[in-house]
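**Student:** Below is one structure. I have some questions about it.
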Amino acid sequence: MVRRLGQGQALRAAAFARLGAVAEAARLMPRTLESLADLSPAIQAAVLPDLLEAALEAEDWEVAQALAAQFPDHAELRDGPAYRYLLARASEVSGDLLMAFDGYAQAAQGRDAYAQRARLALVRMGRETETLPGQDALSLLKTGRWMWSGDALGREGAQLLAEVAAEQGDTDTALWALHNLLRTAPEEEAGALRAQARAIYGAFYAEGAAGEIDLGPFLEGHTRISARWRFDPGFVGHAMAVPQRLLDTGMTALAAREYRALREMAQTLERGGATAPDASLMARLRRGEARALLAGGQADAAVDLLSGYADDQGAEAEALLVEALAQAGRSDELAALRLRAQDMDLRRSRAVALYETGKWGAARHAYLEMWEAHPQQFAFADATRLTLAAYQAGDSATVARAATAFPALADLPGWAEIATGLGARAAEEGPLGSDVMRLSMESADRILDAVTKVTDVKESQ
């Protein structure tokens, strides 16, 4: 009965040690050594590593030394990873870091759990003491990911691999490790892992956007990241750096295609309920695609993309729509466009586009609206275009008003012809006389050029 109780003490101590209950295992240590002899050699070999680790954690050096002395008696333990690891652990606890480092390095050559623990211990100790170069730590962890996985040690190795790889700028390996962890992560841990991944690939896209990564490697990295992370809620927002970089480089067709692909991806995620609708993100993607289309001379495609959406996207989208309509020569639609934004530059862009396409009545109306809405910002350049648009539309009252507000208009080349033409129109009964019509037709281009030249000079001053 006493013999069986002794056997039980050793087994109980080993069980507590394996469960991490160090205090309970330490309490049983005094009787552990005497009870080990009553166990079969196979069971002794099975429990010796757990008992020695418990003794080390309890800093019971006398028992630890006695247990370590029994390892060589078992072929399966002699010079194995468990023995090397535990001796290295003893050296580390006692402060002999050089001996510990050497022991961990020998144990790390194995393929069992103790070898994996040795690899993790090497990296941990090397990082704490700054004695293990980052690339060496990364190489060790990369080796370990294929040699041990599927349990807590494997997850610990993957998490450490993600951290070290990110520190060393190895984005692919860091994201591989985090993706691997997410496969089995409980929901309470998944959010933190996704946030960690988002920070890593977000930094990659930020570097690419800043030109710190050559375009070729940037596109290749984007392809690899997209394969695993395109369904992550933060992916599209960060990946917008790719089409913008393409656009900056002049690859307009590729930029438009990439913007469209990201926009369609975001729409798919929203329809599938994977993410909440992000109107701001969709607007930025649509504007980016429109800019790429315009830069590539595809104004009609840009109009089609923006029509129906510009009202909800503010002044920037309306400005793009104005530019697209002007480039596409769709002056009737431009004239019918009613801007919601009160931005002066946007209103001016539309007015100039109407003016340059010869939509005199619409241009006159657009400039008058500008003058009324932003009288302090209505400049000489605006007044010159308003004057000629009004002249072409036969609006003498507006010409007179502009001349009063901007006396310098009288210095314009061709001003005498404008005044004469309008005077003649006022004297006509009914339709314009043929002489006045001829004067307008012949001098319109010349007057336009003169106005533009004077305007440019005034604006440069």
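The values are calculated or read from the model by the stated rules, or taken from the named source; none is laboratory data. Computed from a prediction, not measured in an experiment: that's the story for all the values here. Cβ coordinates were reconstructed from backbone atoms using ideal geometry, including for glycine residues, and neighbour counts include every protein chain displayed. Each accessible area value is taken on the protein alone, full model and side chains, heavy atoms only, with ligands, DNA and RNA left out. Shrake-Rupley method; radii C 1.70, N 1.55, O 1.52, S 1.80 Å.
**Student:** Once the other residues with Cβ under 12 Å from the Cβ of Thr143 are scored (Lys, Arg +1; Asp, Glu -1), what is the net sum? Write down the numbers at each step before the final one.
**Tutor:** Details: positive: Arg111, Arg119, Lys142, Arg145; negative: Asp136.
It works out to a net charge of +3.
**Student:** Quick one: 3J(HN,Hα) in Hz for segment 124-135, Karplus 6.51/-1.76/1.60 with θ = phi - 60°, rounded, Gly and Pro as x.
**Tutor:** With coefficients 6.51, -1.76 and 1.60, one gets 4, 5, x, 6, 5, 9, 6, 10, 10, x, x, 5 Hz.
**Student:** On full extension of the chain, what length is gained from Leu215 through Gln377, given 0.36 nm per residue of separation minus the C-alpha to C-alpha distance? Could you put the intermediate results ahead of the total?
**Tutor:** Values: separation 162, 0.36 × 162 = 58.32 nm, distance 4.25 nm.
Additional length available on full extension: 54.1 nm.
**Student:** With a probe of 1.4 Å, find how much accessible area segment 88-146 has per residue, and write the answer as a whole number in Å².
**Tutor:** The answer is 50 Å² per residue.
**Student:** Take the alpha carbon atoms of segment 1-113, find their radius of gyration, then divide it by 2.2 N^0.38 Å using N residues; give the quotient. Let's see the in-between values first.
**Tutor:** Numbers: Rg = 13.7 Å, N = 113, 2.2 N^0.38 = 13.3 Å.
Computed over Cα atoms of segment 1-113, the ratio equals 1.03.
**Student:** What GluC sites (Glu not before Pro) does segment 188-239 have in DSSP loop regions with at most 12 other beta carbons within 10 Å?
**Tutor:** On the way: sites: Glu188, Glu189, Glu207, Glu212, Glu220; in loops: Glu212.
Here the sparse-neighbourhood loop sites are Glu212.
**Student:** Given labels modelled 7 Å from the Cα in the Cβ direction, how far is it in nm from Trp61 to Ala397?
**Tutor:** 10.7 nm
**Student:** Against the globular-protein guess of 2.2 N^0.38 Å, express the Cα radius of gyration of segment 77-122 as a ratio, rounded to two decimals.
**Tutor:** Values: Rg = 9.0 Å, N = 46, 2.2 N^0.38 = 9.4 Å.
Normalised Cα radius of gyration, segment 77-122: 0.96.
**Student:** Scattering from the C-alpha atoms of segment 146-191 alone, worked out with Debye: what is log10 I(q)/I(0) at q = 0.13, 0.30 1/Å?
**Tutor:** -0.26, -1.11
**Student:** Work out how much length Ala408 to Asp79 would gain on full extension: take 0.36 nm times their residue separation and subtract the Cα-Cα distance, in nm to one decimal. Could you put the intermediate results ahead of the total?
**Tutor:** Numbers: separation 329, 0.36 × 329 = 118.44 nm, distance 9.94 nm.
Going from the current span to full extension adds 108.5 nm.
**Student:** Expected output is a single nm value to one decimal: the length gained when fully extending between Ala105 and Asp304, i.e. 0.36 nm times separation in residues minus the C-alpha distance. What is it? Before the final figure, lay out each step's value.
**Tutor:** Working: separation 199, 0.36 × 199 = 71.64 nm, distance 6.46 nm.
Once the chain is fully extended between Ala105 and Asp304, it gains 65.2 nm.
**Student:** At a 1.4 Å probe radius, which order do Ile213, Ile43, Ile225 fall into by accessible area, largest first? Working shown, then result.
**Tutor:** Numbers: Ile213 25, Ile43 75, Ile225 5 Å².
Largest to smallest exposure gives the sequence Ile43, Ile213, Ile225.
**Student:** Sticking with this one: Please report Rg (one decimal) and Dmax (integer) in Å for the Cα set of segment 330-399.
**Tutor:** When restricted to Cα atoms, segment 330-399 yields Rg and Dmax of 11.0, 31 Å.
**Student:** Here's something else I'd like to know. Taking only the alpha-carbon atoms of segment 121-160, what semi-axes of the equivalent ellipsoid follow from 5 times the gyration tensor eigenvalues under a square root, in whole Å, largest first?
**Tutor:** Details: eigenvalues 73, 23, 7 Å².
Result for segment 121-160: semi-axes of 19, 11, 6 Å.
**Student:** Using only protein heavy atoms and a 1.4 Å probe, report how much of Ser349 is accessible, in Å² to the nearest 10.
**Tutor:** 60 Å²
**Student:** To the nearest µm²/s, what D does Stokes-Einstein give for segment 108-193 at 4 °C and 1.567 mPa s, using the Kirkwood radius over alpha carbon pairs as Rh? Walk me through the numbers on the way to the answer.
**Tutor:** Working: Rh = 12.9 Å.
Result for D is 100 µm²/s.
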